[in-house]
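Undergrad: A single structure is presented below for examination.
The values are calculated or read from the model by the stated rules, or taken from the named source; none is laboratory data. Keep in mind that this is a model prediction, so the values were computed, not measured. Backbone-built Cβ (ideal geometry, glycine too); neighbour counts: all protein chains shown.
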Amino acid sequence: MYKLFFLFKFFIFSFCYSNDLWIGEWIATDQWQSEFFITVNEDGTAKTNYGNGDVGTWIIKDGTIEIKWESGKTDYLFSGVMGFQRISKNKDRSYTSGLRKLLD
């Protein structure tokens, strides 16, 4: 039983903290439910077509992707209770929205 629990825990940990889960193109929404794309690249860069577009760098912190955009905004992509979600923060406000991955 202990081995089964260990394997289950290892699988969940590997899935949540794996870069492979996050690499690819995502459809996100803003606070007005307008859709746009976020691309998370394997080399640690990200880009979006939101507004005039933006580029940034990402790291994984506790199973959450943190993207720091050149514009000064920060996005957090995570798997939550309601599926994949995004928190967008800038100096004035923040909001949470849905997120879904495009199939390869």
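Undergrad: Within segment 12-47, can you find the residues that are farther than 15 Å from ILE87 by Cα, modelled with pLDDT of 90 or more and among the β-branched types (Val, Ile, Thr)?
TA: Passing the criteria: ILE23, THR39, VAL40, THR45.
Undergrad: Give me the residue from segment 20-49 that is outside any strand (DSSP E or B) and at positive phi and, out of that set, nearest to the chain's Cα centre (by Cα).
TA: Taking the candidates together, the pick is GLY44.
Undergrad: (1) surrounded by 14 or more Cβ atoms within 10 Å (Cβ to Cβ); (2) out of contact with any Cys (no Cβ under 8 Å at 6 or more places or on another chain): which one isn't true of VAL81, the others all being true?
TA: Among (1) surrounded by 14 or more Cβ atoms within 10 Å (Cβ to Cβ); (2) out of contact with any Cys (no Cβ under 8 Å at 6 or more places or on another chain), VAL81 violates only (1).
Undergrad: Regarding SER97, is this residue of a type in the set (Ser, Thr, Tyr), surrounded by 17 or more Cβ atoms within 10 Å (Cβ to Cβ) and touching a residue at least 40 places away in the same chain (Cβ under 8 Å)?
TA: yes
Undergrad: May I ask you to list the residues in segment 50-98 that are assigned to a strand (DSSP E or B) and either hydroxyl-bearing (Ser, Thr, Tyr) or touching a His at 6+ places or on another chain (Cβ under 8 Å) (or both)?
TA: THR57, THR64, THR74, TYR76, SER79, SER88, SER94, TYR95, THR96, SER97
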